[in-house]
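Colleague: Take a look at the following structure, please.
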Amino acid sequence: MLATRSRIPVPCWLLSSTAGDAYNCSCSGNSEIQEAAIGAVKANPEFMRRAIALATENVSRGGGPFGCVVVRDSEILATGVNQVTVTNDPTAHAEVVAVRAACKALGSFQLHGCTVYTSCEPCPMCLAAIYWARLDRIFYACGRSDACSAGFDDEFIYKELSLEIAARTVPMVQLSRDAACAVFKIWEEKPDKVPY
């Protein structure tokens, strides 16, 4: 059996405005269409207040101004705050910390049926983690322009991702492709693998 990734429909409002443009999305940035894309699911302001409170508390403890909660069945499953400077881990963003905690709590690497409430629009890394974990939706408070005004500019990374590999700031050189592709072949033929 070949490994196949689960494909989930992605509402266009989850994409960044630049990605929405790339997909010819006419609703990017339109809150009425965003609400329609969410359907019958209504945001719970209490969960957003908790995410913002976590961010506020984290600043007072020396961390970054970001907080996140993962909700399932109208209950907070996990929380996370930005721990980059506290742990010297550049991947310890609030959403990543919360996703890791939620996965641990459920004993699963997929978070179907869960919703993220985050104090700020997820950066590209956090957005990727949310997609990989298969969460259902994201509610966010501040946008990336608000984060930029506070000194957190992810726009550079969004722009880098849209460039051809050779045009990116960090050099990327492909080596040993054949040897590495052999590992994929082993994976494809492994009968007891766990697809993700």
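The values are calculated or read from the model by the stated rules, or taken from the named source; none is laboratory data. Treat the numbers as computed from the prediction; the structure is a model and nothing was measured. Here the Cβ positions follow ideal geometry from the backbone for every residue, glycine too, while neighbour counts run over all protein chains shown. In case anyone asks, the SASA skips ligands and DNA or RNA and just uses the protein heavy atoms, side chains included. Shrake-Rupley method; radii C 1.70, N 1.55, O 1.52, S 1.80 Å.
Colleague: Within region 161-196, track down each residue that is among the aromatic types (Phe, Trp, Tyr), surrounded by 11 or more Cβ atoms within 10 Å (Cβ to Cβ) and modelled with pLDDT of 95 or more.
Modeller: Selection gives Trp187 alone.
Colleague: Next question, about the same structure. Given the conditions (1) on the phi > 0 side of the Ramachandran plot; (2) at pLDDT below 95; (3) of a type in the set (Ser, Thr, Tyr), report the number of the one that Tyr158 does not fulfil.
Modeller: Of everything listed in (1) on the phi > 0 side of the Ramachandran plot; (2) at pLDDT below 95; (3) of a type in the set (Ser, Thr, Tyr), Tyr158 misses just condition (1).
Colleague: Name every residue in region 82-94 that is outside any helix (DSSP H, G or I) and open to solvent by 70 Å² or more (accessible area, probe 1.4 Å), in order of residue number.
Modeller: Asn88, Pro90
Colleague: Still on this model: Which residues, counting only those in region 98-134, are over 14 Å from Ile76 (Cα atoms) and either of a type in the set (A, V, I, L, M, F, W, C) or in a strand (DSSP E or B) (or both)?
Modeller: If the condition is that a residue be over 14 Å from Ile76 (Cα atoms) and either of a type in the set (A, V, I, L, M, F, W, C) or in a strand (DSSP E or B) (or both), then Phe109, Ser119, Cys120, Cys123, Met125, Cys126, Leu127, Ala128, Ala129, Ile130, Trp132, Ala133 are the ones that fit.
Colleague: While we're on this one: Taking region 186-196 as the region of interest, how many residues are more than 22 Å from Ser108 (Cβ to Cβ) and over 29 Å from the mean Cα position of the chain (by Cα)?
Modeller: 2
Colleague: Would you check which residues across region 120-134 are open to solvent by less than 50 Å² (accessible area, probe 1.4 Å) and closer than 17 Å to Thr91 by Cα and list them?
Modeller: Listed by number, the residues that qualify are Cys120, Glu121, Pro122, Cys123, Pro124, Cys126, Leu127, Ala128, Ala129, Ile130, Ala133.
Colleague: Can you spot a residue in region 172-194 that is in contact (Cβ under 8 Å) with a residue 60 or more places away in the chain, farther than 26 Å from Lys42 by Cβ and assigned to a helix (DSSP H, G or I)?
Modeller: For region 172-194, residues in contact (Cβ under 8 Å) with a residue 60 or more places away in the chain, farther than 26 Å from Lys42 by Cβ and assigned to a helix (DSSP H, G or I): present.
Colleague: How many residues does region 45-81 hold that are open to solvent by 60 Å² or more (accessible area, probe 1.4 Å) and not charged (D, E, K, R)?
Modeller: Total meeting the criteria: 7.
Colleague: Do any residues in region 58-83 that are more than 15 Å from Met48 (Cβ to Cβ) and among the basic types (Lys, Arg) have Cβ atoms under 9 Å from those of residues that are open to solvent by 30 Å² or more (accessible area, probe 1.4 Å) and not in a helix (DSSP H, G or I), where the two are at least six apart or on different chains, and which pairs are they?
Modeller: That search, which allows pairs on different chains as well, returns Arg72/Gly113.
Colleague: Same structure again: Find all pairs meeting these conditions: Cβ atoms under 7 angstrom apart; at least six residues apart or on different chains; first residue within region 91-116 and without any contact (Cβ under 8 Å) to a residue 24 or more places away in the chain; second residue not in a loop (DSSP other than H, G, I, E, B).
Modeller: Ala92/Val84
Colleague: Could you tell me how many of the residues in region 135-157 are part of a helix (DSSP H, G or I), hydrophobic (A, V, I, L, M, F, W, C) and open to solvent by 70 Å² or more (accessible area, probe 1.4 Å)?
Modeller: Going through region 135-157 one residue at a time, the tally reaches 2.
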